[in-house]
Amino acid sequence: MKRRVEQVFAHLESKPDAVVLANATDPHLDQSFFHLFEVPGGLFEGSVAVAHPDGSLDVTTSPLEAETAHLAAKHDPHVKIHVVNRDGPDSLEAVLRKLLPGTPTVGLNFPELTHGWYLRLEKLLPSAKFVDATAGVRHSRAIKEPSEVEKIRKAAAIGSRVGTEIPSLLKAGMTEHELAAEMEYRMNQYGANGRSFSTIVGFGPHSAEPHYLAGDAKLTPGVSMVCDFGAYYRRYACDITRSFHFGPRDDELKRVHDTVEAAQQAALAVLRPGVAGKVVHQAAEDVITATKWKGLFNHGLGHALGLAVHDGGPGLGPTSDEILEEGMVVTVEPGIYIQGHGGVRIEDDVVLTKNGYEFLTTAPRGYLEVSA
Ligand code: GLY
Ligand code: MN
Ligand code: MN
């Protein structure tokens, strides 16, 4: 993990003496903690990671996941585990005071630090000066190492397998909940560590709301649907959307699907390192703007993907000025949403390579009409 820690400091102007990442109670965990300390299991509630400019990392853990923590650190001489107890010389407070003596300048990852932890750190280290370490943490996390890409690839393979199977699961009368449950069951069966976000299954008009979840609507012949879902594999997420049509063809939604596919192709044609995210968004939007569905693509083209489904790194939104780099993983997800009728979204995950990109998701993207 030394390289990841060094990357944090390399992208910080404030040059702090240490960077501290602190977890509160699940789900208020700093996902960047798991970027610097790669550990497959455990909750790590209340744990703290103290990163140093020389690339070393101190990690505190409760006895509840001590064995997992020690195992993860076993082959990395730069990681030291501190098992903390409620009080005494091994208390969290005592360990942190020892790790951060004197009047240190301490970098904090503000986007994922709770206010409660901030107040606690102020009390614990009254002589410390706290500075914002967001930029370094964000950049280190945005550029995925091969081992991180492999985990996302595995999650994406699981998601793609389920995406390919969805047509065989469709039955008239089934509810959105039932389809979502079957999809999640299959992801877990194929090796997922759970879903990476609440599964979206929208039938008919519900497919026109990008962040719909899944409800009681029943599948009836003649409707389109959007299925947006993802697996976690050893903490890393995938995020995939496929849109299907059930029963007799809807000519307008078929043309919408063709347009969304063309928008995705246009975006992929310009996606490569050195380009700003907003340029990629614009390429997709231009395709949609040239049709009668102008204005019905109402979200950004894509976002960073990794330890979280919305990973916080540079994305592909209309205002994303940040320049894309090799090793970033992003989604490419154009959509068109016709209120009261239906929507289409196609979403894939890609890793940026030296000269372009590589697909991580592989399920068929074409218009799929399933007979009722
Ligand atoms: N699953 C939400 C999204 O695609 O961003
Ligand atoms: Mn999605
Ligand atoms: Mn997405």
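What follows is calculated from the coordinates using simple rules that are stated; it is not laboratory data. For clarity, every value in this text was computed on a predicted model and none was experimentally measured. A quick note on method: Cβ atoms are made from the backbone with ideal geometry, for glycine too, and the neighbour counts reach across all protein chains shown.
General observations
- Test: residue in segment 268-278 that is among the charged types (D, E, K, R), over 25 Å from Met183 (Cα atoms), touching an Asp or Glu at 6+ places or on another chain (Cβ under 7 Å) and part of a helix (DSSP H, G or I): yes
- If you go through segment 181-213 and keep only what is among the small types (Gly, Ala, Ser) and within 20 Å of Gly247 (Cβ to Cβ), you end up with Gly202, Gly204, Ser207, Ala208.
- Pro314, sole failed condition from (1) touching a residue at least 40 places away in the same chain (Cβ under 8 Å); (2) surrounded by fewer than 17 Cβ atoms within 10 Å (Cβ to Cβ): (2)
- Across segment 282-300, a minimum of one residue is classified as on the phi > 0 side of the Ramachandran plot and more than 16 Å from ligand 3 (Cβ to nearest atom).
- Looking across segment 210-231, the residues that are farther than 12 Å from Glu369 by Cβ and either of a type in the set (D, E, K, R) or away from ligand 1 (no atom under 16 Å from the Cβ) (or both) come down to Gly215, Asp216, Ala217, Lys218, Leu219, Thr220, Asp228.
- Filtered residue count, segment 325-351, keeping only those that are crowded, with 24+ Cβ neighbours inside 10 Å, away from ligand 3 (no atom under 15 Å from the Cβ) and within 18 Å of Val270 (Cβ to Cβ): 0
- Condition check for Leu296: hydrophobic (A, V, I, L, M, F, W, C) and within 22 Å of the chain's Cα centre (by Cα): no
- Consider segment 2-45 and keep the residues that are on the phi > 0 side of the Ramachandran plot and touching a helix residue (DSSP H, G or I) at 6+ places or on another chain (Cβ under 7 Å). The one that is surrounded by the fewest Cβ atoms within 10 Å (Cβ to Cβ) is Gly42.
- Residue satisfying all of: in segment 232-261; closer than 22 Å to Leu179 by Cα and aromatic (Phe, Trp, Tyr); farthest from ligand 1 (Cβ to nearest atom) among these: Phe246
- All conditions in (1) within 11 Å of ligand 1 (Cβ to nearest atom); (2) without any contact (Cβ under 8 Å) to a residue 12 or more places away in the chain hold for Gly295, with the sole exception of (1).
- For the residues Leu219, Leu253, the requirement of being over 30 Å from Ala142 (Cβ atoms), without any contact (Cβ under 8 Å) to a residue 60 or more places away in the chain and surrounded by 16 or more Cβ atoms within 10 Å (Cβ to Cβ) singles out Leu219.
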